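Okay, so here's the structure we're looking at.
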Amino acid sequence: MMRTYAGHSDARRSNELYRGNLAKGQTGLSVAFDLPTQTGYDPDHELARGEVGKVGVSIADLDDMRTLLDGIPLDQMNTSMTINATAAWLLALYIVTAEAQGVTENELQGTTQNDILKEYLSRGTYAFPPGPSMRLIADTIAYTVEHVPKWNPINICSYHLQEAGATPVQEIAYAMSNAIAVLDAVSERVDEGLMGAVFGRISFFVNAGVRFIEEHAKLRAMAVLWDELGLERYGVQDERHRRFRYGVQVNSLGLTEAQPENNAYRIALEALAVTLGRSVRARAVQLPAWNEALGLPRPWDQQWSLRLQQILAYETDLLDYPDIFEGSKVMEGLVAELLDGAREEMKRVQELGGAVEAVDYMKAALVESHRARINRIESGELVVVGVNRYTETAPSPLTADGEGGILVVDPEVEAERRAALEEWRSRRDQAAVDAALAELARAARDDSENIMFATIAAARAGATTGEWAQTLRSEFGGYRAPTGVGDAASVPSEELAELRDEVERVSESLGRRLKILVGKPGLDGHSNGAEQIAVRARDVGMDVVYQGIRLTPAEIATSAAQEGVHVVGLSILSGSHAQLIPSVIEALGEAGAGEVPVIVGGIIPDADAVRLRAAGVAAVYTPKDFDLNRIMHEIVELVAERQRVQAGVRA
Amino acid sequence: MAEGADLGERLRTGDLSAAPAVLNLVENRSPAARSETAQLLAAVSPSALGHEPPAQVVGVTGPPGVGKSSLLSRLVSEWRARRRSVAVLAVDPSSRRSGGSLLGDRARIEVDPADREVYIRSTAVGDRLGGLAPATRAAASALAAAFDVVVIETVGVGQSETEVADVADTVAVVVQPGSGDVLQFLKSGIMEIPDVLVVTKADLGRPAMRALADLRAALRSLGAREIPVIAVSSIPPPTGICELVDTLDAHRAALDLPARRLRARRLHALADFSAEYGDRGVRALGGRRAAERWLEQQDPGLDVAELERTLAAQASRNS
């Protein structure tokens, strides 16, 4: 199956995009939701500011879902929804929308990602604490196994673990441990006889990096472990139920902002990892666009990615042969090595009490792996063409146009969405909504009930995404995931000695230690960059205030003022910098910390960087600034300059 | 500059917005800043105010992972519901490495960022194991002049609650069900008996009730049956928080406050002295215990800086 991950702005514009893609030969839908929808906030919520329609489509109510799928026959469609914390809700909207098309739920085909542990570990779009989140997952699985039998209720994602820095061993081990936690939770909520079917409905969403031989071995190792797990832990007798089924999106972490055209090759090689050997070939492949590290891809960029899949499938002889690695000594050796490592790591997680209990441990391990990776890029040990070697380049015609070769979401979308939501609220039966939400709250309190029934009823009654999530937040409580930065190792000290001296000298002149706040405003959960900056700042001797993701500008400003920091570093990758950064600067002024300099890191197009600097930002860093020590040096100089003390570098 | 005196004046008039500048000053180790800090502390001393700084100074301590931060979130909102302003000095457990530190504590305390009557400041632990950051004592005495409640949060069992007890009016030690080490520490005398014991995760039901019973039995065997032991749950619906606040209030009300504060100032001066003059200085005073006894004989009206000066004079007479 071929699809591209798509959706932006509102339901109407995304519907046009889908119909266009289907006409070009795409065979399924892969819906990207915006961050407010993913984290359970309506477009008019404070945290949604700047994020509405940015990284995907905004879906707040039934009307939006109907518009999104208008004219697309749901009985023939296979729809993948990248949705997790609010998966139960979006699935409910989908089911109710299908009803209106005359399609019953048992005909529906598709996937909800619905994997919460990797949200805590990597992606950041969680909404509720681990316990209740696992219950929501178990409830959707239990519901679909009976009522929507062709649906894949969960896609265990190892993809995002690799994005967060996982080694192949960690990717395998944590994904399998995650699956165990889910299956254990479901086994308490369905009849024993259904566990075979449950096991068979679980699919994976994996990553494929550019070291494509090892990556292929990784998939073979996962297939072995999955089969073993089914047979031994859950007693699944039917071999078909134990087959390792997975979809794939190839690696984004390795895609570079520098010389972005090279990414087209990387993507092609990565696609081989998941297609070469027939016995573990991916069921669905999504390829990112070449310019993903720059911003949101345009329709043409997505078409280019789709064409690559079509060339692989229809021009090459890739699909003509049985498994070409069968009997390969090298492949067998690689697989065995990965299996040994993964089994050991899985044991460790089980000893900690399973994946839910081991979130802190796994998060710290990932931050540490990522730190080691960055270090290897900095030292040149890990070659990244165009970034730390072969950096000379002629100007690229691909990024020559004004907006730098990316799609820019119309800033009017947010206001339109707020107005549409208000209109929806005014014309629905409020009493029915109130009753449905009260019933949802009651079902949430009663652990023995399947929450899907009340969720579908709330969707039908006209509740909004934010109302559904807020009702559950009130019952389950909020949650803040571990940041994992506390346990990351320090880099060997010699490399940093000079920088440490510099920080010491400036701290000495300041009278107290140089203090930095690293903040992630908005709903963007991609915290790699912020985490690595925080860890390095500590390693060079700064006091670092890092509060994790999802902070409002007011929260960041209050912290900065109360903590007495000398500099604020903000990280945003969701494209909402144009709105959020000026808001933070304004809030800092209101909190009495207007003099504190602000630096920004993220996926920031050049034109936006100019605007941010004009708005008062002291420095802007993008993924091509991989040399963290240089950034640290510039931070120290910035603070010294603003505080009028000697930076203390050689006179 | 008269920064210390100005800040002292702002605190005396209840200006809570002075808090960040106060902390920036007391954390500053430069000689100029230290003399300003002395001015600040003099401006909020009982002799300048005519009474003890009115705040309730609460120490909250316990092993890592017992849920102190969630508990603090609930406590802060309960205090706010009772219209009391709150300052939290979080001494972060993250160890210093290469001089730097990662301060993650405030992330776990949920407050309304628009609420100007809540102040949170995190500080890395000092170089000494389990010790209070040097500035924390000064910050607590200064903020006590303006805030209704000043909380000092530290991590650990054994050394840390002793140090917090030097500063706080009331010390609450927080434990979770199944943490037998606290029980052992209490019985073996490694840990001093706190003013209040808090058992978290009461939502677990039976294990929490059992921990409660074990602690009460241990306290009885130590002849300390009057020490309150309270079970709380921080997850919705929170329980025991109201009772805990009432218990902290009751302890504070029954306390000989001037005596406890006087002791705090003397120990503060000794801590500053030993930070400045090191082990050699403390030896010149005949050791820590002798220094404490000597301090007990000094004029109760002296402020921290004056006490430190008398200690320095005494040490130089002895050496």
At q = 0.04, 0.05, 0.06 Å⁻¹, what log₁₀ I(q)/I(0) does the protein assembly as shown have when each alpha carbon counts as one equal point scatterer in the Debye sum?
-0.21, -0.32, -0.46
For region B:259-318, inverting the pair-averaged 1/r of distinct alpha-carbon atoms gives a Kirkwood value in Å of 11.1 Å
R0 = 35 Å: FRET efficiency of A:Ala23 with A:Asp447, Cβ-based, nearest 0.05?
0.15
With labels modelled as points extended 7 Å from the Cα through the Cβ direction, what inter-label distance (nm, one decimal) is found for A:Arg376 paired with A:Leu231?
3.3 nm
Computed on Cα atoms only, the convex hull of region B:154-313 has an orientation-averaged projected area in nm² of 10.8 nm²
Rounded to whole angstrom, the alpha-carbon centroid of region A:117-166 lies from that of region A:457-476 at a distance of 19 Å
Cα-only Debye scattering, region A:1-125: base-10 log of I(q)/I(0) at q = 0.09, 0.17, 0.22 Å⁻¹:
-0.23, -0.84, -1.38
Projected label distance in nm at B:Ser188 and A:Ser279, using a 7 Å step from Cα toward the beta-carbon
5.5 nm
Reference-scaled alpha-carbon Rg (2.2 N^0.38 Å with N residues) for region A:94-168:
1.29
Please compute the Kirkwood hydrodynamic radius of region A:525-651 from all pairs of different C-alpha atoms, in Å with one decimal.
14.9 Å
Within a 10 angstrom radius of each residue's Cβ in A:558-570, how many Cβ atoms of other chains show up on average? Whole number is fine.
4
Packing-based order for A:583-590, A:382-389, using average beta carbon neighbours within 10 Å, highest first
A:583-590, A:382-389
How long are the semi-axes of the equivalent ellipsoid of region A:44-197, taking √(5λ) for every eigenvalue λ of the Cα gyration tensor, in whole Å from largest down?
26, 22, 14
Average partner chain C-beta neighbours within 10 Å, per residue of A:498-511?
2
Run the reach check for A:Lys118 against lysines, Cα to Cα strictly under 17 Å, same-chain hits fewer than 8 apart removed. What comes back?
A:Lys363
At 27 angstrom or more along the helix axis (alpha-carbon based) and mean Kyte-Doolittle of 0.0 or higher, what helices does chain A contain? Whole DSSP H runs only.
A:168-187, A:212-232
Among the aspartates and glutamates, which have Cα under 12 Å from the Cα of A:Lys347 when same-chain residues fewer than 8 positions away are ignored?
none
Over its alpha-carbon atoms, region A:240-336 yields an Rg and a Dmax in Å of 15.1, 45
From other protein chains only, count the Cβ atoms within 10 Å of every residue's Cβ in A:536-547, then give the mean.
6
Region A:1-67-region B:247-291 distance, computed between alpha-carbon centres (Å):
62 Å
A correct Stokes-Einstein calculation for chain B, using the alpha-carbon Kirkwood radius, 20 °C and 1.002 mPa s, returns a whole-number D in µm² s⁻¹ of 106 µm²/s
For the residue pair A:Trp300 and B:Ser316, what label-to-label distance in nm results when each label sits 7 Å from Cα along the Cα-to-beta-carbon direction?
8.0 nm
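Only the coordinates and a few stated rules stand behind these numbers; no lab work does. This one's a predicted model, so the numbers in the text were calculated from it and none came from an experiment. Counting neighbours? That spans all protein chains shown, and the Cβs are built from the backbone with ideal geometry, glycine included.
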